[in-house]
């Protein structure tokens, strides 16, 4: 047999696969590929998104809560570790300074505490939690004084599951001596003229800066290179994209169109129309962006272009992002074009089949001069007789692919895209590099100008006060967030996080109620209503004083992963606030692990029916059932089933009905509340059920809602409405002990407030 050979790379090149780097195996290489890192050049060009500055640590008392930071503290005590339920090992030390102390905990990392020496000061990097009297940090990174002196800045990289920033940093440091592998596209004379670092110097400095000035110089050089390459690429793209138009036209005179209007257009509108008509009279197809604020008159400019196109013997199409907007455009454009005998057709996805067939025939037979519609215009079967102009409204709502699909409906038609996004001209050239730009910088008469201010975070209290003032005056405010979901790489918070922040910082409960009443009643009535609601809330709280509560649940309700379940658990927090008597015993959630609704026989071990059946507290006033996540994610569970299943059926629906039967019989006078499972990190694709991989966690939540409705049991839908951002690694670090069990902060911030509000809302009438 011939000897087996192993592929090796003794000479590194920019194209050497990253898998040949020391310490990078096949699995790690796959994770790198998720970040777009395939070669050594890719890794060297994977720049940090920020730095941790160890040279400026916080004192324990001044460290910001719930924010990653660096704290310098001396090790005071090392009490040793212990084994937690579930087999996890916990190590804990106490560190401090002249003012405060800090409890530091590691999980499943015994060496982290062992290597620290009593009486020595260290730099701890992590998230500080707790109040002024008891501050905590979990799983921090530790640095010595010598390490900080050698490298005061630590790069923080965009990362992915299974590939932490520290692992990326370790791999990058291996390559930094070979930074010259990367070619330098900037000639020496250009670098000298603009005082720029070489490519190798910039790469080393961006990854391991010794000072802030060095990091700035590296960013400046790399940004210059990126912008230069981008600008050159845009120029090439524009030159390559120019193509002869399939709709040649004569230069149109817009005077008849202007004369038909009951008002005079602005100078900016006239200028934009002149630019557009000149493009449409050229030999190549127009590609132009019409940019202007809301109310600047973009639709009128588009109408003039459409009018000119139809006058030249061609059809036009206008693509809008929603059916409502498409309908509004169709009605408005019909009023402007009908006096010229021009025919407008509306095409949307919600049309009935017969109307759609009629419209498609009109478009195909050149009986519709302008087609206004949604994405339906892009679908198969839409055939234009002579499409000469395509207009896209709200360009930011459509991608390049949609633009291309519309252009394919004819031979290089003219293209006009519109956007109200307030971007400067230079930024517009970068984003829409294949487009010429017309800007409407003038408002029609009677339109109030829009004032725009750029302020820093220090203005946040003043902004919040402004919002309160406007709402109190009967006006509305809206906040535009940069992203629907959190973007860890860019450091962008999710819209839901901003909503919660505004709820906490702009309005307290009393203000929310008062402002709500201001929109519908007089001031005196508002105050009266507010007082009544506050009184009702106080009465609801008083009702539960001394009442008995049985909280059935699985390991989340048992306080698994909590350091102190007697004080940190959601049920303990609620019971303390409402004065409830939380009943515990052998069958109570405090001692339960891994419970499902379905496991075992009808009343078998570890099943919720058995759990309820065995409880001896028949005089409970409040009963909660918090289960279902183990039915979704554990192989011992039963299939989901259907709503048609009865209480004897071996399915989630069946066992849930059996559970509700037992609850109804056992606690006829109690308020029974069902809670759906918390969202899970491992359910991002929605199809990771263990028993039925095609079923989602939402399917189980819906089953709970449906069954509960049969018994008139209220349901708190934590699956949808918990506010927990489980896809965010930052969120999980702050509020989850693992991917399933919340930590103390998670119980206090999300589960406890949500359930307490729900209990108060459903308090029996006194």
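General observations
Matching residues to (1) modelled with pLDDT under 70; (2) assigned to a loop (DSSP other than H, G, I, E, B); (3) touching a helix residue (DSSP H, G or I) at 6+ places or on another chain (Cβ under 9 Å); (4) farther than 22 Å from residue 274 by Cβ:
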{"residue": "380", "(1), (2), (3), (4)": "no, yes, no, yes"}
{"residue": "404", "(1), (2), (3), (4)": "yes, no, no, yes"}
{"residue": "464", "(1), (2), (3), (4)": "no, no, yes, yes"}
{"residue": "468", "(1), (2), (3), (4)": "no, no, yes, yes"}
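- Any hit, the range 108-115, residues being farther than 25 Å from residue 27 by Cβ, more than 36 Å from the chain's Cα centre (by Cα), modelled with pLDDT under 90 and not in a strand (DSSP E or B): yes
- Any chance residue 620 is crowded, with 20+ Cβ neighbours inside 10 Å, assigned to a loop (DSSP other than H, G, I, E, B), in contact with a strand residue (DSSP E or B) (Cβ under 7 Å, 6 or more places away or on another chain) and at pLDDT 80 or above: yes
- Scan the range 633-646 for residues that are buried (at least 16 other Cβ atoms within 10 Å of the Cβ) and at pLDDT 85 or above and the total you get is 4.
- The single residue among 217, 155 that is at pLDDT 90 or above and either part of a strand (DSSP E or B) or surrounded by 14 or more Cβ atoms within 10 Å (Cβ to Cβ) (or both) turns out to be 217.
- Count of the range 146-160 residues, restricted to those that are in contact (Cβ under 8 Å) with a residue 12 or more places away in the chain and either within 26 Å of the chain's Cα centre (by Cα) or over 21 Å from residue 106 (Cβ atoms) (or both), is 9.
- Just one of the listed residues (332, 341) is at pLDDT 90 or above and farther than 20 Å from residue 417 by Cα, and it is 341.
- Of all the numbered requirements in (1) within 30 Å of residue 439 (Cα to Cα); (2) touching a strand residue (DSSP E or B) at 6+ places or on another chain (Cβ under 6 Å); (3) in a loop (DSSP other than H, G, I, E, B), residue 261 misses one, and that requirement is (2).
- Top-ranked residue in the range 24-43 [being outside any helix (DSSP H, G or I) and without any contact (Cβ under 8 Å) to a residue 24 or more places away in the chain; ranked as nearest to the chain's Cα centre (by Cα)]: 36
- Given (1) within 40 Å of the chain's Cα centre (by Cα); (2) over 25 Å from residue 366 (Cβ atoms), number of the condition residue 276 does not satisfy: (2)
- Restricted to helices (runs of 4 or more DSSP H) entirely inside the range 161-207, those with at least 2 residues that are in contact with a helix residue (DSSP H, G or I) (Cβ under 8 Å, 6 or more places away or on another chain), at pLDDT below 95 and buried (at least 16 other Cβ atoms within 10 Å of the Cβ) are 165-175, 199-207.
- Checking each residue in the range 80-98 for being closer than 17 Å to residue 137 by Cα and out of contact with any strand residue (DSSP E or B) (no Cβ under 7 Å at 6 or more places or on another chain) picks out only 80.
- The number of residues in the range 132-151 being closer than 19 Å to residue 215 by Cα and crowded, with 19+ Cβ neighbours inside 10 Å comes to 1.
- Selection from the range 237-251 of residues that are at pLDDT 85 or above and loosely packed, with under 13 Cβ neighbours inside 10 Å: 250, 251
- Residue 104 in a strand (DSSP E or B) and touching a helix residue (DSSP H, G or I) at 6+ places or on another chain (Cβ under 6 Å): no
- Counting only helices (runs of 4 or more DSSP H) wholly contained in the range 650-724, the ones carrying 3 or more residues that are under 32 Å from the mean Cα position of the chain (by Cα), at pLDDT 90 or above and surrounded by fewer than 22 Cβ atoms within 10 Å (Cβ to Cβ) occupy 697-710.
- Taken over the range 737-748, the criterion of being at pLDDT below 90 and surrounded by fewer than 18 Cβ atoms within 10 Å (Cβ to Cβ) is satisfied by 738, 739.
- Scope the range 718-749; condition under 21 Å from residue 659 (Cβ atoms) and touching a helix residue (DSSP H, G or I) at 6+ places or on another chain (Cβ under 6 Å); matching residues: 719
- Taking the criterion of being assigned to a strand (DSSP E or B) and either in contact with a helix residue (DSSP H, G or I) (Cβ under 6 Å, 6 or more places away or on another chain) or more than 20 Å from residue 154 (Cα to Cα) (or both), the residues of the range 44-91 that qualify are 65, 74, 75, 76, 77, 82, 83, 89, 90, 91.
The values are calculated or read from the model by the stated rules, or taken from the named source; none is laboratory data. Because the structure is a prediction, the values reported are computed rather than measured. Cβ: placed from backbone, ideal geometry, glycine included. Neighbour counts: every protein chain shown.
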